[in-house]
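Student: Have a look at the structure that comes next, please.
The values are calculated or read from the model by the stated rules, or taken from the named source; none is laboratory data. The structure presented is a predicted model; accordingly, all values stated were derived computationally and were not measured. So basically every Cβ, Gly included, is an ideal-geometry build from the backbone, and we count neighbours across all protein chains shown.
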Amino acid sequence: MDAARPNAPPARRTVSRSVTVRVPAKVNVQLAVGGPRPDGFHDLANVFLAVGLYDEVTVTPADTLRVTASGPGTDQIPLDATNLAARAAIALAERHGLAPDVHIHIIKDIPVAGGMAGGSADAAAALLACDTLWGTGASQPELLALCAELGSDVPFSLIGGAALGQGRGELLTPVPVGGTFHWVFAVADGGLSTPAVYRECDRLRGAAVIAAPEPAPVLLDALRTGDTTALAAALTNDLQPAALSLRPSLRETLDAGTHAGALAALVSGSGPTCAFLAKDAASAAALTTALLTSGTCRTARAAAAPAQGAVVVPTPAEATS
């Protein structure tokens, strides 16, 4: 069967094993948002930091494409071909003339619709898992290009660590990090629509002239030197006023974390998860307890950063060999 012929049906690749990929959440330590572009996106200076909250995506050969999920909030995600993980499998299969016949199972631990790129993380994980399962041998530039087609945050989910995202966030430059940063994430009930938050941002700005977004040198320096205090002073999120406008109760969560000793507090990305930078691991543990008892969030999770990007999880046999 010649998969290169225009009318040839997709090839089936016979494989029997499954592949699992672990992928981290992200927090935006700087999110500078330009004005709306003609294509509807916004130019960004988006400094990503991968944090140690993870989803796991397992792909297994199947008779047809199927998506299942388990974990908190999975009732809020689509389990059909519109799921970003499914779209990733389809995109890679089409690129290589294959049928996307896999069962994708997502174990969620990244908050759903929480501004921490959970859906983007699952797409990056599915892309890497399918590439490994099918043996397509895609280069990292090819995978990153596919990631960018899937969504603005997907490329960073693949590489992890820390990076400056420009354009609409998909054009990445790695950022050096000189230490470990300790975070606590307060997860709200329900989600916020990212497009709705951007629309509200534009509405609040009105006719104001918006400067082109640029990365903050002081923030990049704080990451490079591992200076937690300097990073706390430099955190910014241009979408925060819009998120607070749509969900005013988030102000109570931010205040609760600040009063409990956080060095800094901000809405994570488009929200509604709130992120708190702590002095050290012990402070993060105490802050987590305070937020859990504050009544201002559904749950709170501590995590360290930076975290590794999407990575194939060895099977038990591989891990012991």
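Student: Modelled with pLDDT under 95 and touching a Lys or Arg at 6+ places or on another chain (Cβ under 8 Å), is that true of Asp101?
Tutor: no
Student: Of the residues Ala242, Ala211, Ala232, which is out of contact with any His (no Cβ under 6 Å at 6 or more places or on another chain), at pLDDT below 95 and hydrophobic (A, V, I, L, M, F, W, C)?
Tutor: Ala211 is the lone residue from the list that is out of contact with any His (no Cβ under 6 Å at 6 or more places or on another chain), at pLDDT below 95 and hydrophobic (A, V, I, L, M, F, W, C).
Student: A further question follows. Going residue by residue through segment 288-297, is there one that turns out to be in contact with a Leu (Cβ under 8 Å, 6 or more places away or on another chain), at pLDDT 95 or above and either within 15 Å of Leu49 (Cβ to Cβ) or crowded, with 22+ Cβ neighbours inside 10 Å (or both)?
Tutor: Yes: one or more hits.
Student: Identify, by number, the condition in (1) part of a strand (DSSP E or B); (2) among the aliphatic types (A, V, I, L, M); (3) without any contact (Cβ under 8 Å) to a residue 40 or more places away in the chain that Ala145 doesn't meet.
Tutor: For Ala145, the failing item is (1).
Student: Identify all residues within segment 129-163 that are of a type in the set (A, V, I, L, M, F, W, C) and either outside the structural domain of Arg37 (by TED's automatic domain parsing) or under 14 Å from the mean Cα position of the chain (by Cα) (or both); write none if there are none.
Tutor: Cys147, Ala148, Leu150, Val154, Phe156, Leu158, Ile159, Ala162, Ala163
Student: Go through Ala145, Ala138, Ala93 for me and flag whichever is touching a strand residue (DSSP E or B) at 6+ places or on another chain (Cβ under 9 Å), aliphatic (A, V, I, L, M) and either crowded, with 23+ Cβ neighbours inside 10 Å or more than 20 Å from Gly52 (Cα to Cα) (or both).
Tutor: Numbers: Ala145 fails: touching a strand residue (DSSP E or B) at 6+ places or on another chain (Cβ under 9 Å); Ala138 fails: touching a strand residue (DSSP E or B) at 6+ places or on another chain (Cβ under 9 Å).
It is Ala93.
Student: If you don't mind, there's one more thing I want to ask. Just name the residue that is nearest to the chain's Cα centre (by Cα) out of those in segment 59-93 that are free of Cβ contacts under 8 Å to residues at least 40 places away in the same chain and farther than 24 Å from Ser193 by Cα.
Tutor: Ile90
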